[in-house]
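**Q** Have a look at this one.
Each value in this text was obtained by applying a stated rule to the coordinates, not by laboratory testing. Only a predicted model underlies this, so the values are computations on that prediction, with no experimental measurement involved. Positions of Cβ are generated from backbone atoms using ideal geometry, with glycine treated the same way; all protein chains shown enter the neighbour counts.
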Amino acid sequence: MRALYKMFGGLAASAMLALPAQAGCWTDAAYHAAQVRELDTMLMVQALRCRKTAANFVAEYNSFVQVSRPALLKANAELRTHFAGEVGERGALNAYDNYMTTVANRYGAGTADLGCEDVASIVRAAAAAGGSPDELYRVAAAADMQPAIGGERCTGPVDTPLTIASRR
């Protein structure tokens, strides 16, 4: 029986060593996706808040969403992949939904430094990105989108199935 415990203990230890050193950290791709989704959510909430002002930009926001739909879906998929790595496939959608609800709630009371005119100019810049995921990320970074992520950003290479396979 002791030999069996030693064997399982050894297997468990080797399995832990096989995990990437930074499991659960936010890769650049996941963080950039979070910035893009943060941007979209902030713009959506602010469009609703500003719709009865002179700076009403709901139509511009809707145009942005139509043009950027593939890029926004790509960001969603990247975030779901991140959460699947953290909590598994079964809990990924729930973790994603909780994360996005938290993001929306942060903007529900408005943005401290940005008025409706400021946000309208960000919508115009986002629409000018033409649906490009890279350009949309640049707009999110320029708008200083800093997602409240749980965990750290990854430093150094992160093992993915593709990088592991490429070493074989």
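**Q** Mind checking the range 65-161 for GluC sites (Glu not before Pro) that DSSP puts in a loop (not H, G, I, E or B) and that have at most 13 other Cβ atoms within 10 Å? Mind showing how you got there, number by number?
**A** Details: sites: Glu78, Glu86, Glu89, Glu117, Glu135, Glu152; in loops: Glu152.
Filter output for the range 65-161: Glu152.
**Q** Taking H as built 1.01 Å from N, whose amide H comes closer than 5 Å to the amide H of Trp26, not counting residues under 5 places away?
**A** Glu152, Arg153, Cys154
**Q** Residues with beta-carbon under 13 Å from that of Asn94, excluding Asn94: net charge, scoring Lys, Arg +1 and Asp, Glu -1? Please report the intermediate quantities before stating the final value.
**A** Details: positive: Arg80, Arg90; negative: Glu86, Glu89, Asp97.
Net charge around Asn94: -1.
**Q** Same structure again: Counting Lys +1, Arg +1, Asp -1, Glu -1, what net charge surrounds Ala33 among other residues with beta carbon under 9 Å of its beta carbon?
**A** Summing Lys/Arg as +1 and Asp/Glu as -1 gives +1.
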